[in-house]
Amino acid sequence: MSVTHGTTTTAGPVPGDTPPEATSATGDAHRHSAGIEAVGRVARAVLPVTGVLSDPTQLRTYECDGLAHYRVTPALVVLPETTEQLAAVVRACAAHGVPFVARGSGTGLSGGALPRADGVLVVTSRMRTIREVRRADQRAVVEPGVINLAVTRAVTGEGYYYAPDPSSQQICSIGGNLAENSGGAHCLKYGFTSNHVLGAELVTPQGDVVALGGLAPDSPGYDLLGTVVGSEGTLGIATTAVVRLVRLPEEVRTLLVGFRSTDDAGAATSAIIGAGIVPAAIEMMDALAIEAAEAAVHCDYPAGAGAVLVIELDGAAVEVEHEYAQVERFCTEHGAFELRPATDAAERALIWKGRKSAFAAVGRISPDYIVQDGVIPRTALPEVLRAIAELSSSSGVRVANVFHAGDGNLHPLVLFDDAQPGAGKAAEQVSGAILDLCINHGGSITGEHGVGVDKAAYMPRMFSDDDLDTMQLVRCAFDPDGISNPGKLFPTPRLCGEVPGKRKHAHPLVEAGLADAF
Amino acid sequence: MAPTGDTVSLDAARTALSGACDDVREATAADAVDGVPASLVARPASTAEVGEVLRAAAGHELAVVPRGRGTKSTWGRAPERADLVVDLSRMSAVLDHAAGDLVVETQAGALLADVQAVVGTAGQRLALDEPVPGSSIGGTLATNSSGPGRLAVGTARDLLIGVTVVRADGVVARAGGRVVKNVAGYDLGKLVIGSFGTLAVVTEAVFRLHPVAPARQWVTVGVDSAGRAQELAQRVVHSQLVPAAVEVDWPGDGDGGAGSLGVLLEGTPAGVETRTAALTGLLGGGTAAGTAPAGWGRYPWDDDGVTGRATALKATVALSGVAGALDAGRRAATDAGTTLSWRGSAGAGVLYGALPATAGPDAVAAVLGPLRAACAAAGGALVVLDAAPEVEAAVDTWGPVPAIDLMRRVKERFDPERRLAPGRFVGGI
Ligand SMILES: Cc1cc2nc3c(=O)[nH]c(=O)nc-3n(C[C@H](O)[C@H](O)[C@H](O)COP(=O)(O)OP(=O)(O)OC[C@H]3O[C@@H](n4cnc5c(N)ncnc54)[C@H](O)[C@@H]3O)c2cc1C
């Protein structure tokens, strides 16, 4: 769960909240100091002076990502400009057993880029070149620090765009998107980052540079790229991405629809999908989320609505025309009291502004809030929303709902006031209970924000030990020493052991009960 | 079982397997995997039974080759050993179709056609083509086979949302889930797709589904050169007509240069009609039809087994390299005194080539060299999917594979004793 304090991303920990696996995730500042010095020497030798930070005040600016209540000051920050520089630093880390954490723009909401006190933070913000736009091939080759929206900006002139569009697209990086397998409002039709990254150059945790995938599809061998995408920086650092460019649609229609209740809006959504229409997006906001958006960006959503849907259709003009008529009919049939189509680009932008600013907007109606990210089968929506409402009324904790209605990805915003004793704890409990609802309905604990440090402790609720052990096999293949973003994603630190895994004696850490043998 | 043919250990293995599964028998000649004789065949009925079978196999050091329906069992290299064939044909149930969620859960031994029949009742489809008729879900995943529809909806990696596998040591593991959007944990489904049975045995799979479009129309236009095929394909993919497929068909026994480009449009009846008119304008002609042209969605090689085994090639290229690969292959084949038939997705950069059974190892090798170079120059690769044993033995079927060391390390972790389809995959994996 991401806890955001104040209107955006400030403030300290929730009272009583202990980050799961805090010690293993953050490391011991003193254990590797000799190693850090050695890595620092290598970094200073290969990077420009301004690319190595060790001054405590400078280091502190990197102490958290978008999940601001976990904070750890890294031992060293490096800002490489090339793959070679980055690989040299990673090689030094490997040689000295120093953990490293990659960081793109630091907008992650699960603490994935949380630094290690005993480790190096490798920031890609100086690797921001779009190396190639290959229109004929419908591909672009970009460096990991390139901002998501910059890819689209670079190719719209040629009639193309980059489809995955997280709400943070103005600031988040392609490398971070790749690591989180980020989605966006339009992934209902166009898919996630994993469907749009066709190749990558990866610096392995040993510091080797390998090519995964490429310009052409179906590279021979295992689909390591598919495994690396979404692995949250635990399998190495991506230093280049080959991304798919998508042709801009001939027609886009955006429609804002007001409903009396989320049940009505949900029924309309089911009718649309049931009719075989795949909209580019269907987003839902409930009354509380609408109230917040109004307060923040004056998006002028229908007054008195218990829920709104933002529906976007795109594609060939004739097809969109037809689908649009059907969508209007389904909405009306299910109790829509206001249908407001965007008539120009400005109106379209305003409709989306209300939706895309929803997280931050909630700060207008509550001093503190948790951004939850869970998934349910879409058809369970009415039931789960009712259960969330019950949770909210029985606990007295307000919950605003914003979500990708088309694919069942919920983003409940759990509101609280940290100044009130116990409020943070109560909000945490409601937020956790929402994840339980998702799991109990056969869903997922995260649809796009990732596991990071935040949800590592929830992984055993979704996966068995055998499932997690099997995932760990991949980790061990890439990173047997466990130095690439350790403490994230998996609930307990595990040791890899030697291939073929026939160990005679227990590892000392296992004997001491400090780690599970794997 | 070491060595193969050791009757004592075979008997012991058979006893252990029979304890794990009630359908275990001696293999026959028909169970041979790409010419490699098998000793035993087990047909487990559930994921748990596959686990038991693989645990028993591990206990007796048996090399295990998973089999769906055996339609592509000659693909890849022949395994070094095939002590035990784990046949998944008893696990053929389509477990659950959640129509409202556009999701289907199926056992791996289910026929792709059966899955389509079930989801079709709700006007839905699993958007995976079936280039080899009779394919099972597991075999489709293991070989990552795909067809024309990949242009718009992608391949197995874009559709598989959850997977259950059994590891070489018999441990059952799941990844993903039953929801379309899910980023919890590593995506093991991606790893097993295209792994040719060398990492784990897939026993169950969950896929996202797509609605069936109410109308379809194919527009076919003749092309007299590879350059022309690419040029027209470029026009279509850069248009806003939203093609569902862009295929090139280029028979080697044709009159020198003649081939065709086929474009599929899907949508509403009125929409498809309007777009078809626009498309023929864009292509400067073409014939529209409500049914697919001959050979659509089939590989260009004969799989009847009567004419001997053709050499089956898969060439991948960036879109600007389509013509280069088509030409390079055709030229090399002519120089080697044989013919090369091409068919595949000119819009996605995946082309399948067939060299006739009459082309021996030398001729195949003479084609592979220049063609592989052309594919590599276009950011892709060339692999020999299938070939007669003497051809397979003489040529580098998989070709150079970047990141092979990392792949080996993955294999070592999943199957340290190299018992799952050993030798079938890249780099001898
Ligand atoms: C207001 C707001 C709205 C958001 N909306 C969405 C949304 O709609 N959809 C969505 O999916 N997410 C959303 N997010 C979450 C976040 O923006 C995404 O996860 C994004 O992809 C993170 O990118 P980043 O560059 O900030 O990565 P960071 O936060 O810097 O890092 C994220 C993870 O990626 C790893 N990483 C970074 N770069 C690399 C690399 N080159 N190689 C390997 N690993 C790397 C890090 O170690 C870390 O684990 C939102 C966040 C905010 C603050």
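All of A:His441, A:His449 fail the test of being within 11 Å of chain B (Cβ to nearest Cβ), away from the ligand (no atom under 16 Å from the Cβ) and either surrounded by 16 or more Cβ atoms within 10 Å (Cβ to Cβ) or among the hydrophobic types (A, V, I, L, M, F, W, C) (or both), apart from A:His441.
Per the listing B:Gly76, B:Gly109, B:Gly147, B:Gly120, the residue uniquely closer than 30 Å to B:Gly427 by Cα and over 11 Å from the mean Cα position of the chain (by Cα) is B:Gly109.
Let's see how each residue does on (1) over 26 Å from B:Ala29 (Cα atoms); (2) open to solvent by less than 30 Å² (accessible area, probe 1.4 Å); (3) assigned to a strand (DSSP E or B):
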position	(1), (2), (3)
B:Val85	no, yes, yes
B:Val118	yes, no, no
B:Pro148	yes, yes, no
B:Val163	yes, yes, yes
B:Gly170	yes, yes, no
B:Ala175	yes, yes, yes
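Being outside the structural domain of B:Glu231 (by TED's automatic domain parsing), among the hydroxyl-bearing types (Ser, Thr, Tyr) and open to solvent by less than 10 Å² (accessible area, probe 1.4 Å) is a property that holds for B:Ser345. Looking across region B:287-330, the residues that are at pLDDT 95 or above, closer than 19 Å to B:Val384 by Cα and open to solvent by 50 Å² or more (accessible area, probe 1.4 Å) come down to B:Arg298, B:Asp327. In region A:182-213, the qualifying residues are those that are among the polar types (S, T, N, Q) and more than 8 Å from the ligand (Cβ to nearest atom), and the one that is farthest from the other protein chains (Cβ to nearest Cβ) is A:Gln206.
Residues that are touching a Cys at 6+ places or on another chain (Cβ under 8 Å), closer than 23 Å to A:Lys455 by Cα and within 11 Å of the ligand (Cβ to nearest atom) occur in region A:396-415; there is at least one. The residue of region A:147-169 that is surrounded by the most Cβ atoms within 10 Å (Cβ to Cβ), among those that are assigned to a loop (DSSP other than H, G, I, E, B) and more than 12 Å from the ligand (Cβ to nearest atom), is A:Tyr162. Before we move on, is B:Gly138 under 30 Å from B:Arg343 (Cβ atoms) and not in a loop (DSSP other than H, G, I, E, B)? Judged against the criteria, B:Gly138 is a match. Considering each residue of region A:231-248 in turn, at least one proves to be near the ligand (Cβ under 10 Å from one of its atoms), within 8 Å of another protein chain (Cβ to nearest Cβ), touching a residue at least 12 places away in the same chain (Cβ under 8 Å) and small (Gly, Ala, Ser).
Listed here are the residues, each with its yes/no results for (1) in a helix (DSSP H, G or I); (2) free of Cβ contacts under 8 Å to residues at least 12 places away in the same chain; (3) more than 7 Å from chain A (Cβ to nearest Cβ).
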{"residue": "B:Lys181", "(1), (2), (3)": "no, yes, no"}
{"residue": "B:Gly189", "(1), (2), (3)": "yes, no, yes"}
{"residue": "B:Phe196", "(1), (2), (3)": "no, no, yes"}
{"residue": "B:Val202", "(1), (2), (3)": "no, no, yes"}
{"residue": "B:Val206", "(1), (2), (3)": "no, no, yes"}
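For region A:170-181, residues that are more than 7 Å from the ligand (Cβ to nearest atom), more than 14 Å from chain B (Cβ to nearest Cβ) and surrounded by 24 or more Cβ atoms within 10 Å (Cβ to Cβ) total 1. When A:Thr129 is tested against (1) more than 11 Å from the ligand (Cβ to nearest atom); (2) among the hydroxyl-bearing types (Ser, Thr, Tyr); (3) within 14 Å of chain B (Cβ to nearest Cβ), just one condition goes unmet, and that condition is (3). Per the listing A:Pro144, A:Pro80, the residue uniquely of a type outside the set (S, T, N, Q), outside the structural domain of A:Pro217 (by TED's automatic domain parsing), on the phi < 0 side of the Ramachandran plot and within 12 Å of the ligand (Cβ to nearest atom) is A:Pro80.
B:Val153 - would you say it is more than 7 Å from chain A (Cβ to nearest Cβ) and over 21 Å from B:Leu54 (Cβ atoms)? For B:Val153, the condition - more than 7 Å from chain A (Cβ to nearest Cβ) and over 21 Å from B:Leu54 (Cβ atoms) - is met.
Exactly one residue among B:Ala57, B:Ala48, B:Ala93 is surrounded by fewer than 18 Cβ atoms within 10 Å (Cβ to Cβ) and over 23 Å from the mean Cα position of the chain (by Cα), and that residue is B:Ala48. If the condition is being open to solvent by 30 Å² or more (accessible area, probe 1.4 Å) and either closer than 25 Å to A:Gly230 by Cβ or in a strand (DSSP E or B) (or both), then region A:392-436 contributes only A:Asp436.
For region A:358-410, a residue qualifies if it is in contact with a Leu (Cβ under 7 Å, 6 or more places away or on another chain) and at positive phi, and exactly one does: A:Gly408. Scanning region A:83-117 for residues that are more than 8 Å from the ligand (Cβ to nearest atom) and closer than 13 Å to A:Leu59 by Cβ yields a total of 3. Scanning region A:482-496 for residues that are open to solvent by 20 Å² or more (accessible area, probe 1.4 Å) and either within 13 Å of the ligand (Cβ to nearest atom) or within 12 Å of another protein chain (Cβ to nearest Cβ) (or both) yields one hit, A:Gly487. Looking at A:Arg116, A:Arg91, just one residue is of a type in the set (Lys, Arg) and touching a Pro at 6+ places or on another chain (Cβ under 8 Å), and that residue is A:Arg116. Note on region A:264-361: enclosed strands (runs of 3 or more DSSP E) holding 1 or more residues that are crowded, with 18+ Cβ neighbours inside 10 Å are A:281-286, A:307-315. If I filter region A:453-468 for residues that are among the polar types (S, T, N, Q), assigned to a loop (DSSP other than H, G, I, E, B) and more than 13 Å from the ligand (Cβ to nearest atom), do I get at least one hit? Looking for residues that are among the polar types (S, T, N, Q), assigned to a loop (DSSP other than H, G, I, E, B) and more than 13 Å from the ligand (Cβ to nearest atom), one finds at least one in region A:453-468, hence yes.
Scanning region A:353-372 for residues that are more than 21 Å from A:Asp418 (Cβ to Cβ) and within 12 Å of the ligand (Cβ to nearest atom) turns up A:Arg355, A:Lys356, A:Ser357.
The values are calculated or read from the model by the stated rules, or taken from the named source; none is laboratory data. The shown structure was predicted, so the numbers you read here are calculated from the model rather than taken from an experiment. Using ideal geometry, Cβ is built from the backbone for each residue, glycine included, and neighbour counts are taken over all protein chains shown. Heads up: the accessible areas ignore ligands, DNA and RNA and are worked out on the full protein's heavy atoms, side chains in. Shrake-Rupley method; radii C 1.70, N 1.55, O 1.52, S 1.80 Å.
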